[in-house]
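Undergrad: Before anything else, here's the structure in question.
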Amino acid sequence: MIGRTRQPNPCDNRNHIRANAPVGHCPQCGGIVNDAIPRRTCSEDEHAASRRRNHFPFCVHCGTRLIRAS
């Protein structure tokens, strides 16, 4: 995080202001919150399981939209 300036983000998820977020991508907007965590390529089966387990609109591993916008 040293030397990197964070851009303002309209998302209210607290991971955007954490110095060391535990996930790579925000579950609410899909934006990168910790660039030290490598982006993972998730399978559709993993995304389906995440949809059942969580109600977040975005994958925290790859930032892909999981839930369609209404």
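The values are calculated or read from the model by the stated rules, or taken from the named source; none is laboratory data. None of the values given here were measured: they were computed from a predicted structure. Backbone-built Cβ (ideal geometry, glycine too); neighbour counts: all protein chains shown.
Undergrad: Please go through (1) at pLDDT below 90; (2) hydrophobic (A, V, I, L, M, F, W, C); (3) not in a loop (DSSP other than H, G, I, E, B) for Ile67 and return the number of the only condition it doesn't satisfy.
TA: Unmet condition: (3).
Undergrad: Something else now. Just give me the residues in region 9-30 being in a loop (DSSP other than H, G, I, E, B) and within 14 Å of Asn54 (Cβ to Cβ), in sequence order.
TA: In the first step, residues of region 9-30 are kept if they are in a loop (DSSP other than H, G, I, E, B); the result is 9-13, 18-24, 26-30.
Within region 9-30, Asn13, Val23, Cys26, Pro27, Gln28, Gly30 meet the criteria.
Undergrad: Which ones in region 35-58 are in a loop (DSSP other than H, G, I, E, B) and within 15 Å of Cys11 (Cα to Cα)?
TA: So the first thing to find is which residues in region 35-58 are in a loop (DSSP other than H, G, I, E, B), and the list is 35-43, 54-57.
Those that are in a loop (DSSP other than H, G, I, E, B) and within 15 Å of Cys11 (Cα to Cα): Phe56, Pro57.
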